[in-house]
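First the structure, in the form of structure tokens, and then the observations on it.
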Amino acid sequence: MFEDVLGWTDVNNNKAFLGEQISCTNNASSILVVAKRDFPEIAKVTDHGLNPQGPKGRFHIINAVSHAIVNHAPDPAAAKAFLRWLYDDKQMSRWLASGDAYYAPFLHGYDNHPMWNPEPRYLPYKESLKTARLHGWPGPASHALSESVAKYVLVDMFAKACRGDSTKDVIASAAAQLKQIYKAK
Amino acid sequence: MAVRPATLARPAPLAGRRSTLRGVLEREGVFSWLMLGPGVLFLLAFVAYPFFYGIFLSLEDRRVASPGIFVGLANFATLAHDAVFWQVTRNTFVYVAITTVLKLTGGLGMALVMNQAFRGRNLARAFLLLPFIVPTALSTIAWMWILDPTFSVVNWLLVRAGVIASGYSFLGNATLAMGSLIVVNTWRGMPFYGITLLAGLQTISSDLYEAAAIDGATSVQRFRYVTLPVIKPVLIIVTMFSVIFTFGDFQLIYALTHGGPANATHVFSTWAFDIGMLAGQLGMGAAVALAILPALAVLIVGLTFYLRRE
């Protein structure tokens, strides 16, 4: 099973958990949502917790979902008006509440929002925002960063180390890749 | 009385009379281009334009929502120094080479069998064609289940039968992952070879086989000296098409392994997609996609010349 993980795509950890192959994984609330619906016995014994703390602190990855208006939009005023309407609390509240904590809101104004009430097991997602960082933190967000993420540089480094390649070699090759990506920008 | 054979010649138009629209249209030079027109326009719009635009993109540093900066061959130079690019190149060639050999031999065997007369032949032909007919998205989902790390039916059967203690990692082990993709591509593509070669086999007159048999040729010799030479052009053309399609194979690999584990199954098309679409680096993605071009061009030119010589 160990080797299987190296070939996992986005859905495999959900399946492995619900298939009782694993008992702990890093994921959004989707596992519990599906478990409550289709695997009630597993749902009864499933909970969420923050990532363990290491010597440098506690960290979570943040995948920011946001809207933007392109410079060449034919009607930027209308686009802005639409986004203002969309992000108005009346719309945003409904959307957040319907999401089963799959999306956590950025603004502190939502810290005590009713979306956190129905299921106390989702509260760790709210707490995780305090220690959530963008990929590449403390480096700045940049094209080079997004390229290194899209090329799975760090993920592959760990995968190769896990499958038995020499730690020194995998670090060296990942560093070389990153140097090439960042130097080219 | 001599009878002249009827001709298609029309009486010459009266001097001084203008040619009609119909007359113009019926000229071979005009009519043939008219008939080719829609096809040519389609090719220009959906093949030629994206192709040349892709070349243009590959010469730019072009990110999503940013104007492009012309950088010449810098993208290609960057790729040449990228170890992952060479791994992707190796993966692609290995994938194409092995699947082509397997599909060719399997397809030829399939065609030879389907060319025989036996009861249920038409049903057998229909079933053998199914992998090619079923939409790739659908068959890929089925294979995802067959090779799934948790729910693989192959592993379940083997474990239940006591053949193995724990399941194989079809998509997690680098070699098995490439092997699995080769198996799936072969399964899907073999009928294409089979049906095309069958069409070629059916053009072979049975007189040739009878003559060879009378001369004492064994079935192997009949295959080697009668069948193969006649179907060689078909073989070459179908191989050429299959190689082109397989070089550009995307959905199968992306759905099953997404190029993993650790780039072990990334091919040009999937890596170009990740770079172009996920990282937003359209110029670099185009450069990767065009990396297939030299190899393909050499192959196609070579095969075309070989065909012409034949």
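Scan the stretch B:251-271 and give yes if some residue there is in contact with a Phe, Trp or Tyr (Cβ under 8 Å, 6 or more places away or on another chain), closer than 17 Å to residue B:303 by Cα and of a type in the set (Gly, Ala, Ser), otherwise no. Within the stretch B:251-271, none of the residues are in contact with a Phe, Trp or Tyr (Cβ under 8 Å, 6 or more places away or on another chain), closer than 17 Å to residue B:303 by Cα and of a type in the set (Gly, Ala, Ser).
Matching residues to (1) more than 12 Å from chain B (Cβ to nearest Cβ); (2) surrounded by fewer than 14 Cβ atoms within 10 Å (Cβ to Cβ); (3) of a type outside the set (Gly, Ala, Ser):
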residue	(1), (2), (3)
A:116	yes, no, yes
A:121	yes, no, yes
A:132	yes, no, no
A:139	yes, yes, no
A:149	no, no, yes
A:169	no, yes, yes
A:173	no, no, no
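Quick grid of which residues meet (1) surrounded by fewer than 20 Cβ atoms within 10 Å (Cβ to Cβ); (2) away from every other protein chain (no Cβ under 14 Å); (3) among the aromatic types (Phe, Trp, Tyr); (4) in contact (Cβ under 8 Å) with a residue 60 or more places away in the chain:
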{"residue": "B:203", "(1), (2), (3), (4)": "yes, yes, no, no"}
{"residue": "B:226", "(1), (2), (3), (4)": "yes, yes, no, no"}
{"residue": "B:230", "(1), (2), (3), (4)": "yes, yes, no, no"}
{"residue": "B:253", "(1), (2), (3), (4)": "no, no, no, yes"}
{"residue": "B:260", "(1), (2), (3), (4)": "no, no, no, yes"}
{"residue": "B:264", "(1), (2), (3), (4)": "no, no, no, yes"}
{"residue": "B:267", "(1), (2), (3), (4)": "no, yes, no, yes"}
{"residue": "B:296", "(1), (2), (3), (4)": "yes, yes, no, no"}
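With respect to the conditions (1) surrounded by fewer than 15 Cβ atoms within 10 Å (Cβ to Cβ); (2) within 23 Å of residue A:10 (Cβ to Cβ), residue A:145 falls short on a single one, namely (1). Pairs are defined by a Cβ separation below 8 Å, a sequence spacing of at least 6 or placement on different chains, a first member in the stretch A:43-63 that is closer than 23 Å to residue A:149 by Cβ, and a second member that is exposed (fewer than 10 other Cβ atoms within 10 Å of the Cβ); the pairs so defined are A:51/A:26; A:58/A:52.
Taking helices (runs of 4 or more DSSP H) as the structural unit, those lying wholly within the stretch B:211-274 and holding at least 1 residues that are touching an Asp or Glu at 6+ places or on another chain (Cβ under 7 Å) correspond to B:228-247, B:268-273.
Taking the stretch B:135-145 as the range and being more than 13 Å from chain A (Cβ to nearest Cβ) and in contact (Cβ under 8 Å) with a residue 24 or more places away in the chain as the test, the residues that pass are B:136, B:137, B:139, B:143. Exactly one residue out of B:93, B:170 is more than 12 Å from chain A (Cβ to nearest Cβ), surrounded by 12 or more Cβ atoms within 10 Å (Cβ to Cβ) and out of contact with any Phe, Trp or Tyr (no Cβ under 7 Å at 6 or more places or on another chain), and it is B:93.
The numbers here are math on the coordinates, done by the rules we state, and not lab data. A quick note: this is a predicted structure, and the numbers were derived from the prediction, not measured. Quick reminder, even Gly has a Cβ in these numbers, built from the backbone with ideal geometry, and neighbours come from all protein chains shown.
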